[in-house]
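J.: Sending over a structure as structure tokens; questions will come in a sec.
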Amino acid sequence: KAGPVAVKIFLVDALNFKRVQPYLRGDRRFASIGNDKKRIIYAWCKKEFKNLSLALAAGVLCPEPKAFAGNVLVEKFIGENFIPAPRLSDIGEFDSEKIFSDILDSMKKLYAAGLVHGDLSEYNILLWNEKPVLIDFSQAVLLSHPNAEEFLQRDVKNICNFFRKCGVEVDDGKILEEIKKSSQ
């Protein structure tokens, strides 16, 4: 039994070319797409599928990508009875120390697999069965991307800022160093 899926449709007309540009330019996987909006949105969809596949293979808790075609991505639904799992930003109480540790583990696995999420925050993490599930991987970049370091620093800053508000003592610099050591 396959179970429910989520269908994500990337709208060509809604594409903010300037927002997408920093994530696609410099990614060797998408070097030849040019400036055609339709080709860019198709590449954006394909990029999320590939990034989810890499993350899943690395052991990161994320939706399992099922298929993509054009501007449509199909992935495993995270939730129950067609009610999506809540975003971390929408939950009042949770074991913040444990969830932070689990997210850090996922960030290390991503980095060791050669990937940086690029848009990680409490808004792109679902809490399901007391585990954080990372979502929205279209912005993720390979470590070879010229902005990978900047995106990783921003991800660390976002996560650390959120968990400091939850009472977890974290040091951005130490967390960044810990993540980078995971690939050695």
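The values are calculated or read from the model by the stated rules, or taken from the named source; none is laboratory data. Because the structure is a prediction, the values reported are computed rather than measured. Cβ placement follows ideal geometry from the backbone for every residue including glycine, while neighbour counts extend to all protein chains displayed. In case anyone asks, the SASA skips ligands and DNA or RNA and just uses the protein heavy atoms, side chains included. Shrake-Rupley method; radii C 1.70, N 1.55, O 1.52, S 1.80 Å.
J.: Enumerate the strands (runs of 3 or more DSSP E) found wholly within segment 68-184, keeping only those where 1 or more residues are open to solvent by 40 Å² or more (accessible area, probe 1.4 Å) and out of contact with any strand residue (DSSP E or B) (no Cβ under 8 Å at 6 or more places or on another chain).
T.: On the way: elements: 72-76, 125-128, 131-134.
Correct list: 131-134.
J.: Now, a different point. Working carefully through the options VAL60, VAL20, find the one that is out of contact with any Cys (no Cβ under 8 Å at 6 or more places or on another chain), part of a helix (DSSP H, G or I) and within 22 Å of LEU143 (Cα to Cα).
T.: Details: VAL60 fails: part of a helix (DSSP H, G or I).
Sole residue among the options that is out of contact with any Cys (no Cβ under 8 Å at 6 or more places or on another chain), part of a helix (DSSP H, G or I) and within 22 Å of LEU143 (Cα to Cα): VAL20.
J.: Sticking with this one: Looking at segment 100-144, which of its residues are over 15 Å from SER53 (Cβ atoms) and of a type in the set (Lys, Arg)?
T.: Answer for segment 100-144, where residues must be over 15 Å from SER53 (Cβ atoms) and of a type in the set (Lys, Arg): LYS108, LYS131.
J.: Moving to a separate point now. How many residues does segment 28-53 hold that are modelled with pLDDT of 90 or more and either more than 17 Å from the chain's Cα centre (by Cα) or not small (Gly, Ala, Ser) (or both)?
T.: At the first step, the residues of segment 28-53 found to be modelled with pLDDT of 90 or more are 45-53.
In the following step, the residues that additionally are either more than 17 Å from the chain's Cα centre (by Cα) or not small (Gly, Ala, Ser) (or both) were identified as 45-52.
Summing the residues that are modelled with pLDDT of 90 or more and either more than 17 Å from the chain's Cα centre (by Cα) or not small (Gly, Ala, Ser) (or both) in segment 28-53 gives 8.
J.: While we're on this one: Which one of the conditions (1) under 30 Å from GLU169 (Cα atoms); (2) surrounded by 15 or more Cβ atoms within 10 Å (Cβ to Cβ) does LYS8 fail to meet, given that it meets all the rest?
T.: Just one mismatch for LYS8, condition (1).
J.: Filter segment 137-184 down to the residues that are over 30 Å from ILE9 (Cβ atoms) and aromatic (Phe, Trp, Tyr) and list them by number. Steps first, please.
T.: First, the residues of segment 137-184 that are over 30 Å from ILE9 (Cβ atoms): 149, 153, 156-157, 160-161, 163-184.
Result: PHE163, single match.
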